[in-house]
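The values are calculated or read from the model by the stated rules, or taken from the named source; none is laboratory data. These numbers were taken from a predicted model, which means no experiment stands behind them. A quick note on method: Cβ atoms are made from the backbone with ideal geometry, for glycine too, and the neighbour counts reach across all protein chains shown.
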Amino acid sequence: MRNAERYPFVSSDATSGEASFRPHLPLSLIYQQKTVETLGLLDTGASVNVLPYPVGIELGYEWERQTTALSLTGNLAQYEARVVLVQAIVGRFEAVKLVFAWTQATNLPLILGQVNFFMEFDVCFYRSQLQFDIKPKSYQS
């Protein structure tokens, strides 16, 4: 993939060997004057981006002030969620606006899903090599 940045898959459990490796992307999230450095799990099967409750608090969001509710499905269906907009910086690329379902769940990774992470970035997975490439959809140079 031309003009892309390459990242390694990261092991989530050293005792499970190669099966534990996942595509975790380092990124900076920015809201107002606060920046949080974090990892996001690239999940092509996730419909939406999901922001864990503690990360939203660290960014400065207040649960009661977020008025747009969203229903999650699957393992997260039991938790309330609110829609929040966050600026995100990946690598050397320009910041993009990402829409997140900010959930009250605390024990989950930050999830990067179809809406709208995969609408903003092209990603090519090389699972056998434990690597992936990423670039913004409009990146030309």
Practice task
Go over the candidates 5, 64 one by one and state the one that is of a type in the set (Asp, Glu) and over 19 Å from the mean Cα position of the chain (by Cα).
Solution key: 64
Handout entry: Odd one out for residue 12, checked against (1) touching a Lys or Arg at 6+ places or on another chain (Cβ under 6 Å); (2) touching a residue at least 24 places away in the same chain (Cβ under 8 Å)
Key = (2)
Exercise for the section: Only residues that are over 17 Å from residue 113 (Cα atoms) and either loosely packed, with under 14 Cβ neighbours inside 10 Å or without any contact (Cβ under 8 Å) to a residue 24 or more places away in the chain (or both): list them for the range 67-92, please. Expected result: 67, 68, 69, 78, 92
Problem - Top-ranked residue in the range 88-108 [being modelled with pLDDT of 95 or more, touching a Leu at 6+ places or on another chain (Cβ under 7 Å) and not basic (Lys, Arg); ranked as farthest from residue 137 (Cα to Cα)] - result: 103
Practice task
Output yes when any residue across the range 72-83 is aromatic (Phe, Trp, Tyr) and either at positive phi or touching a Lys or Arg at 6+ places or on another chain (Cβ under 8 Å) (or both), and no when none is.
Solution key: no
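So that you can scan it fast, the table gives a plain yes or no per residue for (1) acidic (Asp, Glu); (2) farther than 18 Å from residue 23 by Cα:
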{"site": "61", "(1), (2)": "no, yes"}
{"site": "72", "(1), (2)": "no, yes"}
{"site": "109", "(1), (2)": "no, no"}
{"site": "112", "(1), (2)": "no, no"}
{"site": "122", "(1), (2)": "yes, no"}
Practice task
Determine whether the range 93-113 contains at least one residue that is surrounded by 14 or more Cβ atoms within 10 Å (Cβ to Cβ) and free of Cβ contacts under 8 Å to residues at least 40 places away in the same chain.
Solution key: no
Problem - Only listed residue being among the polar types (S, T, N, Q) and at pLDDT 95 or above, chosen from 114, 140 - result: 114
Practice task
Would you mind finding the one in 108, 39, 130, 112 that is under 18 Å from residue 10 (Cβ atoms) and touching a His at 6+ places or on another chain (Cβ under 8 Å)?
Solution key: 39
Problem - Odd one out for residue 64 among (1) free of Cβ contacts under 8 Å to residues at least 24 places away in the same chain; (2) surrounded by 12 or more Cβ atoms within 10 Å (Cβ to Cβ); (3) of a type in the set (Asp, Glu) - result: (2)
